[in-house]
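Report on the structure given below.
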Amino acid sequence: MSSPEQTRVEVVVIGAGFAGIGAGIRLREAGIDDFVILEKADSVGGAWQANTYPDVAVDIPMCSYAFSFEPDLRSARTYPKGHEIQAYAERCVDKYELRQRLRLDTEVTGTAFDEEQHLWEVQTSRGPLRARFLIVAHGPLVRPRIPAIEGLDTFAGKVMHSARWDHEHDLDGERIGVIGTGSSAVQLVPAIAERVKQLHVFQRTPVWVVPKLDLRIPRLLQVLFRVMPLALLVVRFQSNVLHEAIAYLAFRLKMPALVRLIERLSLKALRKQVPDDRVRAQLTPQYRYGCKRPAISSNYHRTFARDNVELVTADIVHITETGISTADGEHRELDTLVLATGFNTFERGANPPFPIIGRNGVDLADYFETHRHGSYEGVTMPGWPNSFAVLSTTYSLTALYFPMIENSTIHAVRCIREMYARGATCVEIKPEPHAAFVRDMQRRQATSVFLQGDCRTSTFLDQHGDAPVFRPSTGLTAWWRARHFPMDHYSFTTSQ
Ligand code: NAP
């Protein structure tokens, strides 16, 4: 087990969100105890630690938003709130004895592979570490996107990104501008509308919103889940199958009738919630469901029927000291500006947010600038040996985060154990199977919703015109491959 002073460990896990926690649990289960989990924040939870905006909640049902081996038995709602998920993360850390392996307030600033020693050098804000393996689990939503709008820095009022909420700042009675209408805005806009004097929501692209069945779980059912966790597993299985199936059929355009049905459901809810024809038309997406990340909510659209809420669809021209000017010649005076503008994903410095220098001194970020994104099963790259990504943005996610985390960590631990069994010091994906996998993914994504017609502006697209965030296969295939990919796809070597 690692002590705080130890600078040589077997595995460095980067990130203490669910990906890093899942990696830690899997390592311990495999009997690999000499590892540390580095986390730049002062507590665990990752995105749930960073995103604390009003009414932040998960939009995957609780039965599917948990590790398969650790059901969340404390949830009292179908869709738990952010702090409840954060508490679940803390419970996992304690139950699986990860606390003493955590190094909080420790930011990774760079990593480099030592080709002679087969070790990773990890630079952190608290000094260097050396490790045989790197598990990169920082998650894709680490760099808040600050929009490049002229004059933003001149605004004299308060500016907050949704992922950097300032709870000391009182919004009551203020004039607020919210830029962005993605999943974060869909949650926070209804939550603040009642408290503020005036709310202007600046929309560039409307989002598909489907109703949220956010129900209290009856006490009796909660007790049943506790005494018979198998019952929750059955519910989870059904929920997982449903989510995976919808994602697969919608993203892969396999069943257009299903997509149209979801769209009709969404538009029906919109009609019910927004009586004004003009506002309703402005809130109606003009692209296929699934192209951008859809949101779920039963109260977002109805917020625009309130007297103190305005939907602004005119383009933002610039921001001044006092507010926002739009292309229709209007200027709206604001006290606070909320940037619900999402996260940098493919921009340089976002994923990864620090250098990962592999063989021949090549930084992974440089490689992805010049080559199309894609790692083997979303986990490994030739040229970056002894390193594994969990929750990567390259063909690992089918629909649900937890199965992806479990698949990626099982993949990583299989490689590590095989390397030990062979008495080697280096495990690396061979270029041919990597290239074949990525080619297959690229071929399949060409017929996905992201690369079709009106979807060409999707935030899921990278700088090469690919949409590598989603793995274009079924969840079942991803599950099977993690457990059965051929070991001869990897090379094993030993340092001199
Ligand atoms: P997002 O989905 O990327 O949405 C960002 C919004 O900001 C979009 O409406 C975008 O418009 C707008 N925007 C960005 N730059 C702009 C600019 N310069 N001018 C005007 N508008 C601009 O971000 P998010 O809502 O924060 O969600 C990010 C991710 O967090 C999601 O994909 C999801 O995975 C996750 N999330 C999850 C949950 C959950 O419950 N599990 C909740 C919230 C978020 P365009 O569409 O025109 O680009």
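The values are calculated or read from the model by the stated rules, or taken from the named source; none is laboratory data. A quick note: this is a predicted structure, and the numbers were derived from the prediction, not measured. Note: ideal-geometry Cβ built from the backbone for every residue, glycine included; neighbour counts use all protein chains shown. We work out accessible area using only protein heavy atoms, side chains counted, and drop any ligands, DNA or RNA first. Shrake-Rupley method; radii C 1.70, N 1.55, O 1.52, S 1.80 Å.
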Next item on the list: Please work out the Kirkwood hydrodynamic radius for region 189-341, using every pair of different C-alpha atoms, and report it in angstroms with one decimal place.
Entry: 18.3 Å
Item checked: Electrostatic dipole magnitude of the chain [Cβ: Lys, Arg +1; Asp, Glu -1; Cα centre; debye, to 20] -> 1980 debye
Next item on the list: Can you figure out the FRET efficiency of Asp276 with Glu432, using R₀ = 60 Å and their beta-carbon distance, to the nearest 0.05?
Entry: 0.55
Check: Stretch Arg143-Thr477 to full length: gain in nm at 0.36 nm per residue minus the Cα-Cα span?
Finding: 117.2 nm
Notebook entry, point to check: How large is the charge dipole for region 282-357, taken about the Cα centre, if only the Cβ atoms of Lys, Arg (+1) and Asp, Glu (-1) carry charge, to the nearest 20 debye?
Noted result: 620 debye
Checklist line | FRET E, pair Gln238, Arg417, Förster distance 41 Å, beta-carbon r, rounded to 0.05 | finding: 0.80
Check: Along the Cα-to-Cβ line of Leu104, 7 Å from the Cα, sits a label point; which residues in region 135-149 have backbone N less than 20 Å from it?
Finding: 137-139, 142
Next item on the list: Please report, in whole Å, how far the alpha carbons of the chain spread along each principal axis, starting with the longest.
Entry: 72, 52, 43
Next item on the list: With a 1.4 Å probe and every protein chain left in place, work out the accessible area per residue of region 125-267 in Å², rounded to a whole number.
Entry: 51 Å²
Next item on the list: Please get the size of the charge dipole for region 207-358, origin at its Cα centre, with Cβ charges of +1 on Lys and Arg and -1 on Asp and Glu, quoted in debye to the nearest 20.
Entry: 1220 debye
Next item on the list: For region 210-241 and region 250-283, write down the distance between their C-alpha centroids in whole Å.
Entry: 27 Å
Checklist line | Across the chain: Cys residues that no other cysteine approaches within a C-beta distance under 4.7 Å | finding: Cys63, Cys92, Cys415, Cys426
Notebook entry, point to check: Taking each full run of DSSP H in the chain as one helix, which ones are at least 18 Å long along their axis (Cα atoms) and have mean Kyte-Doolittle hydropathy of at least 0.0?
Noted result: 229-251, 256-273, 401-421
Notebook entry, point to check: Plugging the Kirkwood radius over Cα pairs into Stokes-Einstein for region 83-140, at a temperature of 20 °C and a viscosity of 1.002 mPa s, what D comes out in µm²/s?
Noted result: 160 µm²/s
Note to self: Can you compute the FRET efficiency between Arg264 and Arg306 using 1/(1 + (r/R0)^6), with r the Cβ-Cβ distance and R0 = 22 Å? Round to the nearest 0.05.
What the structure shows: 0.30
Checklist line | Neighbour net charge for Thr326 - beta-carbon separation under 14 angstrom, K R +1, D E -1 | finding: -4
Next item on the list: Heads up, I need the accessible area for Glu377: 1.4 angstrom probe, whole protein in place, Å², nearest 10.
Entry: 10 Å²
